[in-house]
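Undergrad: First the structure, then my questions, so here it is.
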Amino acid sequence: MGTILITGGHSGIGLECAKRLVDKPGHTLVLAGRDLERVEPVARQLRTRGVEVKTLQLDVASLASVRTGAARCRAMLDKNEIDGLEAILCNAGAQFMGPVTYSPDGYENTFATNCLGHFLLVELLIDRLAESGRVVFTASGTHDPKTADGKVVGKAAEPDALVLAHEGKGGGKPLSTGVRYTSSKLCDILYAYELDRRLRRANSSIVSIAFDPGSVAGTGLLRTHPKPLQVLAKTGLMKWVMRRMGITMSSAEFSGAALARLCADPTYASESGKYFQAKDNRLTEQRSSTKSYDTAAAAKLWRDSETLVYLHHEERSALLSMG
Ligand SMILES: NC(=O)c1ccc[n+]([C@@H]2O[C@H](COP(=O)([O-])OP(=O)(O)OC[C@H]3O[C@@H](n4cnc5c(N)ncnc54)[C@H](OP(=O)(O)O)[C@@H]3O)[C@@H](O)[C@H]2O)c1
């Protein structure tokens, strides 16, 4: 068995996924996070279960940090410090409550964190993934405006990378926190599908999957929201109300385990280009939003994202160049 790299694997859904993966001996885990002081204690804890757990400094909101982290990962592979790369889990994510803020590269933080950093990470590591490797994007059911989840959080905007990256700079009323988030998650699904198409054109058998963990209370996702809302979201009453509204409900334990299955269970080895959802202790394939199947929009998103991350000629993998 090989190495599984996960972003945001030290907390929330990612941590539950990491716990499942270390329960199956043989994997090496790489926990990629922006602050190793938060990541290291979790890695130490996971190592007590007898598995190899490495940590990797990587801030997905910073293109320089992603490039440095990917180079370090490649060096670990070259020096046999880790086994062959079997999976990349693009799981880190955030919501940014309040006025629009920007990443070190000047891009709107939600789009930089949830989209561009993972897009670049995949571009830089795809040619080191095993032929049987997998990429899983943790998206969100909120991307679909026809679902209750999407209606509550806010209708996703057009998945135009050039607009979303520069959101708030034009002087008009900026998109709300919720819409910035749902739009970023729509883009994650478009990336997963476009990645699948490019891999198929290159005759690769690498698998690309999009994942909706469902609405999971108690993780750090709402940390920038007002404290009373964070407390309310964890209560039984709120969960009851959300269920009545038709929200897709899950738990961190189940969704983390589902993510672990998507990246390591042979059942999903031929499920590339699909969207899976965790809901009420079941993991099922679902249709994502109508817009997510817009192949022209996905191809444009991909090209524009390459421009935004300043992808150098020598960084472009032959596996992904057939657009
Ligand atoms: N919870 C839900 O209801 C829900 C629903 C649908 C989808 N999701 C998605 O599930 C994924 C996991 O979220 P969660 O609910 O488990 O929330 P969480 O507990 O806040 O986990 C998010 C993780 O992302 C990491 N992260 C955030 N910004 C980062 C950056 N710039 N660089 C590197 N790592 C960064 C965080 O690390 P730090 O400790 O450094 O902040 C944290 O480990 C996210 O993609 C989220 O959008 C969650």
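Undergrad: Under a 1.4 Å probe, what is the accessible area of the chain per residue, stated in Å²?
TA: Working: 13710 Å² over 323 residues.
Spelled out: the 1.4 Å probe surface of the chain, per residue, equals 42 Å².
Undergrad: Assign unit charges at the C-beta atoms only (+1 for Lys and Arg, -1 for Asp and Glu), then state the dipole size of segment 42-88 relative to its Cα centre in Debye, rounded to the nearest 20.
TA: Numbers: 8 positive and 6 negative charges, 35 e Å.
In total the dipole reaches around 160 debye.
Undergrad: Right, something else. For Arg261, what accessible surface area do you get with a 1.4 Å probe? Give it in Å², rounded to 10.
TA: Roll a 1.4 Å probe over it and Arg261 shows about 80 Å².
Undergrad: Could you give each residue of segment 188-204 its phi-based ³J(HN,Hα) in whole Hz, using Karplus coefficients 6.51, -1.76, 1.60 with θ = phi - 60°, and x for Gly or Pro?
TA: Computed from phi, the couplings for segment 188-204 are 4, 5, 4, 4, 4, 6, 5, 4, 4, 4, 5, 5, 5, 4, 8, 6, 8 Hz.
Undergrad: Given a 1.4 angstrom probe, I'd like the percentage of the accessible area of the chain that is carbon and sulfur, rounded to a whole number.
TA: Values: 7390 of 13710 Å².
Percent of accessible area from carbon and sulfur atoms in the chain: 54.
Undergrad: OK, next. Under 5 Å between amide hydrogens, which residues at least 5 positions from Asp144 or on another chain qualify, with H placed 1.01 Å from N in the peptide plane?
TA: For Asp144, the qualifying residues are Gly150.
Undergrad: Sort 230-240, 272-282 by the packing proxy (mean of other Cβ within 10 Å over each peptide's residues), most packed first.
TA: On the way: 230-240: 12.6, 272-282: 19.2.
Going from most to least packed, we get 272-282, 230-240.
Undergrad: Then there's this: Let me have the relative contact order for segment 3-313, percent, based on Cα pairs under 8 Å that are six or more residues apart.
TA: Values: 613 pairs, mean separation 60.5, N = 311.
Computed value for segment 3-313: 19 percent relative contact order.
Undergrad: While we're looking at this one, here's another question. By DSSP, what percent of the beta bridges with both residues in segment 3-313 are antiparallel, rounded to the nearest 5?
TA: Details: 6 of 37 bridges.
Antiparallel: roughly 15 percent of the beta bridges in segment 3-313.
Undergrad: Top to bottom by accessible area (1.4 Å), largest first, where do Glu37, Glu315, Glu158, Glu81 land?
TA: Details: Glu37 155, Glu315 35, Glu158 115, Glu81 65 Å².
Sorted by accessible area, descending: Glu37, Glu158, Glu81, Glu315.
Undergrad: Further question on the same structure: Given just the C-alpha atoms of the chain, how large is their convex hull per residue in cubic angstrom?
TA: Convex hull volume per residue, Cα atoms: 125 Å³.
Undergrad: Protein chains only, probe 1.4 Å: how do Arg287, Arg180, Arg128 rank by accessible area, largest first?
TA: On the way: Arg287 175, Arg180 15, Arg128 70 Å².
Per-residue accessible area, sorted high to low, gives Arg287, Arg128, Arg180.
Undergrad: Same structure, new question: Counting only residues 5 or more places away or on other chains, whose amide H sits under 5 Å from the amide H of His166 once H atoms are built in the peptide plane?
TA: Glu108
Undergrad: So, one more: Using a Debye calculation, one point per C-alpha and no hydration shell, please list log10 I(q)/I(0) for segment 86-200 at q = 0.11, 0.18 Å⁻¹ in order.
TA: Log-scaled intensity ratios, in q order: -0.36, -0.89.
Undergrad: List the pairs from Lys54/Lys79; Lys239/Lys279; Lys173/Lys279 whose alpha-carbon separation is above 23 Å, in the order I gave them. Before the final figure, lay out each step's value.
TA: On the way: Lys54/Lys79 14 Å; Lys239/Lys279 13 Å; Lys173/Lys279 35 Å.
Cα-Cα > 23 Å for Lys173/Lys279; rest within.
Undergrad: Probe 1.4 Å, all protein chains in place: accessible area of Lys24 in Å², nearest 10?
TA: 110
Undergrad: Then there is this: Apply the Karplus parameterisation 6.51 cos²θ - 1.76 cosθ + 1.60, with θ equal to phi minus 60°, to every residue of segment 115-120 and state each ³J(HN,Hα) to the nearest whole Hz, in sequence, with x for glycine and proline.
TA: Going residue by residue, I get 10, 5, x, 5, 4, 5 Hz, with x marking Gly and Pro.
Undergrad: Using modelled amide H (1.01 Å from N, peptide plane; none on Pro or chain starts), what sits under 5 Å from the amide H of Met97, excluding residues fewer than 5 places away?
TA: Amide H neighbours of Met97, under 5 Å, 5+ apart: Thr224.
Undergrad: Using mean Cβ contacts within 10 Å as the protection proxy, how do 113-123, 67-77, 218-228, 25-35 order, highest first? Please report the intermediate quantities before stating the final value.
TA: Numbers: 113-123: 26.0, 67-77: 17.9, 218-228: 13.9, 25-35: 20.5.
Sorting 113-123, 67-77, 218-228, 25-35 by mean packing, highest first, produces 113-123, 25-35, 67-77, 218-228.
The values are calculated or read from the model by the stated rules, or taken from the named source; none is laboratory data. Everything numeric here is computed off the predicted structure, so don't read it as measured data. Here Cβ is always computed from backbone atoms with ideal geometry, including for glycine, and neighbour counts include all displayed protein chains. The area values use the complete protein model at the heavy-atom level, side chains included, leaving out ligands, DNA and RNA. Shrake-Rupley method; radii C 1.70, N 1.55, O 1.52, S 1.80 Å.
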